[in-house]
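The values are calculated or read from the model by the stated rules, or taken from the named source; none is laboratory data. No experiment lies behind these values; they were computed from the predicted model shown. No Cβ is skipped: glycine too gets one built from the backbone with ideal geometry, and neighbour counts run over all protein chains shown.
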Amino acid sequence: MKKFIFIILMFTSQIALAQINLVVPYAAGGAYDHMSRKFAKFVETKMNEQVTIENVGGAGGLIGLKRLLTTPNSIAITNNNIDFLAEEKKLVLSDYQQITLMAENPYFLAVAASSGLTCESLRNRNNKYFIGSAGTGSGSSFPAVIVIEKYPNFTEVPYKGMSQALNDLLGKSIHIGFVSGETQQRTDLIMLANTTSQTFRGIPSWSKCLGIDKKYTGQFLMITRASSDAAFVSKMKKLVDEFVKDPETVEYFKLNGFTRH
């Protein structure tokens with residue numbers, strides 16, 4: 001009987017310490033990669049859980065989201081482009097389940113500090129402008145589409161991740177890009193506007209800058225496979241709740257304009 005109880009306790013312990021596989025469906029260095037790594041570090045150092053991170057970028061997050069379906073004990077931190085991919089019939093929405101909305105924050109219209117571009121110059125419909133995004137259907141692509149709806153003289157240039165787009169932005173091969181999170185702190189970029197209807201830390205709304213009367217925020221959604229069991233989903237929710245209450249996370253959210261409702 002004692003041996004049987006010991007085996008049960010060992011099995012329970014293995015479930016509790018089962019490795020969490022965190023798939024980042026975007027290239028390293030972006031806002032979703034940063035958030036994923038901060039969450040993983042918190043879970044490992046303060047919650048004593050094992051986390052493996054795998055960046056699987058490409059196709060606007062599609063490749064990584066498909067990897068999620070074949071990886072046990074897996075989660076992904078992504079944005080609401082999963083709805084866009086479902087509308088495009090590139091994935092089946094019912095294959096996934098949302099665990100929680102971790103946070104959201106505005107995107108920022110960025111130009112190279114050396115470009116001399118201003119809101120006034122960007123409103124000139126006689127000029128051709130190129131907007132770099134992390135890929136069609138990515139979080140940075142949606143505000144680009146909204147700009148193009150109002151200004152047909154703008155053209156989106158989709159990249160495989162925002163890092164490449166920022167390199168070309170600084171090299172002046174493209175004119176603007178929409179960035180999120182820590183990128184707004186860079187000194188080689190100027191943030192001309194944010195994608196809400198209000199001024200954010202001295203950065204005007206894109207309504208004031210470009211006359212766009214829409215609001216767009218980047219969502220940080222934690223999702224898993226539809227087949228993940230209720231215990232795993234509950235565990236992930238609890239870990240996120242602890243993560244967002246941690247003083248280091250609170251400061252990080254405050255610095256980068258993240259909110260959680």
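The table below gives the values:
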quantity: Selection from segment 66-80 of residues that are part of a helix (DSSP H, G or I) and either within 13 Å of the chain's Cα centre (by Cα) or under 23 Å from PHE243 (Cα atoms) (or both); calculated: LEU68
quantity: Enumeration of residues in segment 202-228 that are farther than 30 Å from TYR96 by Cβ and under 21 Å from the mean Cα position of the chain (by Cα); calculated: ILE203, SER205, TRP206
quantity: Test: residue in segment 81-95 that is buried (at least 17 other Cβ atoms within 10 Å of the Cβ), at pLDDT 95 or above and under 17 Å from PHE232 (Cβ atoms); calculated: no
quantity: Flag if SER141 is assigned by TED's automatic domain parsing to the domain that holds ILE174 and over 25 Å from VAL23 (Cβ atoms); calculated: no
quantity: Selection within segment 111-140 - farther than 18 Å from LYS172 by Cβ and either in a loop (DSSP other than H, G, I, E, B) or basic (Lys, Arg) (or both); calculated: ARG123, ARG125, ASN126, ALA134, GLY135, THR136, GLY137, SER138, GLY139, SER140
quantity: Top-ranked residue of segment 24-43 - restricted to ones that are of a type in the set (Gly, Ala, Ser) and not in a helix (DSSP H, G or I), ranked as modelled with the highest pLDDT; calculated: ALA28
